[in-house]
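Colleague: Below you'll find the structure I mean.
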Amino acid sequence: MYLHSETNSSDLLWVKSSDYIITQKKIGSVINYYIESSKDSKLMKFAPIFDNKDSGNNFENTISIDLDDLLKIDLENEVSILNFYNKYGDIGLLSHQVKGFITAPRWLPTHELSPKSSVVSITPYQSESFFDVSWKKRLKPVGAPLAIDKEVFPDMTKGYDSGIGEYNSEMKKLLGSLVRDNNGELLGDVPGVVFEDHLQFSQLMFDENLGDFMGRYFPDLVTSINDADSQFVDFPLPYSVDYFKNYSEPLSEVKKVLRELKNSFDFSKSIDQVSVLPKRPSFYMDENTAKSFYGRETILQYLPKLSISPVKKSDSIGCRWKNSWIFKSLLSMFALKMRQELVD
C-alpha cells in the first residue's frame, strides 16, 4: 500500500488492490483463514486525504481517512471487514512490524556490465529489503563474479552486430540458484528479519527465523516446501507487484489488531485530559485511568515516525526544515487519526 509520504497528506501516494477476498489455506494440519487480493484484482494508486481542506487538490483517486470506517467494523462479520479492505487496502501487518529483511544469496546477472559488453557475467548477490522513506531493495555482492569472454566463445553471441551475448549452459543453471562455498555453506549473512523498535507489536512473540515469520504472510510461497527450505525463499519487496500477488494477512491477526486499536481508542476517549497522564505511572488510582493509559500506549506503538528534512525555499536558494510523517502501513494512518481526535 505504501509508496510515498510527506507532511502534506494530500501528497501521499499509495497503492491497493481493487478487490480482496477471504480464503482458507491448510498449513500443516491446521486450516487458517487469510485476507488477500483476488486473482482478477488490479493495482490502484490513490492519495489518502486526512482533512477536508485537502479535498480541493487535483488527484485522480482520493480516499478520505475516515476514523469511523475503522471504529464501525463488525469484526464478527466478514463482509464488514472486506468492505474496509476494498476501500483502503491491506492494513500493513508485515510492513508495520519490520525494518527490513535479508534473503539467501543467489547467482544473478552482474548489474555493472553494459549489455554491449564483450563479457557476459553473473555475480553472487544477497538481497536486502529495507524501509527508508519507502521500501527499497539492494543487492550486495557476497563473492567474485563469473565472467565469460564472448570473443573466446563466439557461439554464445546472438548477433555480432548487436554485441549481446548469451550465458553458456553452466551459467544458465547457476542463474537464480543458491550460492554455496566448497563446504556447502551459504555465503554472506544468515537470512533473517530486523524488527521495528516500537513496543512489541500486538503482544506477539517473534521468532527471527525468516521462513517461519515471512511464511505467515506469504503462505503460498512456503506451503509446498519443508521448514528448512523455507529459510531460502526469496520473499518479495513489500508493495511490489510480486508482493501483491503473494501477500496475505491472517484473518485472526487482523481481528486482533483492529480490536486492540478500537478498544484503545475507546479507553482513551473515556477519560478527560488523557494527554496529561504521567508517562509511566507506577500505580493507578482507578480502573478508568489504567485503561486510558493502556489505550494511549497502545496507539503510540502504531503511530508513524516523525522525520525532519530540509526543503528548498521557493523564493530563494536557502532551505527550511519541515516535519514529515513517515507512514509504513494503513495502521499508522489510522493511529495518527486517533491521536488527532484525542488531542484536538
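The values are calculated or read from the model by the stated rules, or taken from the named source; none is laboratory data. Small disclaimer: the values here were computed from a predicted structure and weren't measured. FYI the Cβ positions are ideal-geometry reconstructions off the backbone, even for glycines, and counts take in every protein chain you see.
Colleague: Would you check which residues across the range 181-195 are charged (D, E, K, R) and under 10 Å from ALA104 (Cα atoms) and list them?
Modeller: Residue satisfying the conditions is ASP189 alone.
Colleague: Take GLU208 and decide whether it is of a type in the set (Asp, Glu), under 16 Å from LYS99 (Cα atoms) and modelled with pLDDT under 65.
Modeller: Judged against the criteria, GLU208 is a match.
Colleague: Only residues that are loosely packed, with under 12 Cβ neighbours inside 10 Å and at pLDDT 80 or above: list them for the range 43-54, please.
Modeller: none
Colleague: It is to be established whether one or more residues within the range 231-244 are in contact with a Ser or Thr (Cβ under 7 Å, 6 or more places away or on another chain), surrounded by 15 or more Cβ atoms within 10 Å (Cβ to Cβ) and more than 22 Å from ASP189 (Cβ to Cβ).
Modeller: So far as the range 231-244 goes, yes, one or more of its residues are in contact with a Ser or Thr (Cβ under 7 Å, 6 or more places away or on another chain), surrounded by 15 or more Cβ atoms within 10 Å (Cβ to Cβ) and more than 22 Å from ASP189 (Cβ to Cβ).
Colleague: Is the range 223-231 home to any residue that is hydrophobic (A, V, I, L, M, F, W, C) and modelled with pLDDT of 80 or more?
Modeller: Yes - at least one qualifying residue is present in the range 223-231.
Colleague: Here's another thing I want to ask about it. State whether the residues of the range 82-101 include one that is of a type in the set (Asp, Glu) and farther than 22 Å from PHE244 by Cβ.
Modeller: no
Colleague: Is at least one residue of the range 302-314 touching a strand residue (DSSP E or B) at 6+ places or on another chain (Cβ under 7 Å), modelled with pLDDT of 60 or more and either closer than 30 Å to PRO219 by Cα or assigned by TED's automatic domain parsing to the domain that holds SER134 (or both)?
Modeller: Checked the range 302-314: at least one residue is touching a strand residue (DSSP E or B) at 6+ places or on another chain (Cβ under 7 Å), modelled with pLDDT of 60 or more and either closer than 30 Å to PRO219 by Cα or assigned by TED's automatic domain parsing to the domain that holds SER134 (or both).
Colleague: Out of (1) farther than 27 Å from SER41 by Cβ; (2) at pLDDT below 80, what's the single condition that is false for SER202?
Modeller: (1)
Colleague: Step by step: first the residues of the range 2-42, then only those that are of a type in the set (A, V, I, L, M) and modelled with pLDDT under 90, then the one that is surrounded by the fewest Cβ atoms within 10 Å (Cβ to Cβ). Which residue is that?
Modeller: So, considering only residues that are of a type in the set (A, V, I, L, M) and modelled with pLDDT under 90, the one surrounded by the fewest Cβ atoms within 10 Å (Cβ to Cβ) is VAL30.
Colleague: Do any helices (runs of 4 or more DSSP H) entirely within the range 221-269 hold 2 or more residues that are aliphatic (A, V, I, L, M) and in contact (Cβ under 8 Å) with a residue 60 or more places away in the chain, and if so, which?
Modeller: Here the list reads 251-269.
Colleague: Counting residues that are under 30 Å from TRP14 (Cβ atoms) and either assigned by TED's automatic domain parsing to the domain that holds GLN231 or at pLDDT 85 or above (or both), which strands (runs of 3 or more DSSP E) fully inside the range 84-171 reach at least 2?
Modeller: Values: elements: 98-102, 106-109, 119-131, 135-141, 146-149, 157-159.
Counting at least 2 such residues, we get 98-102, 119-131, 135-141.
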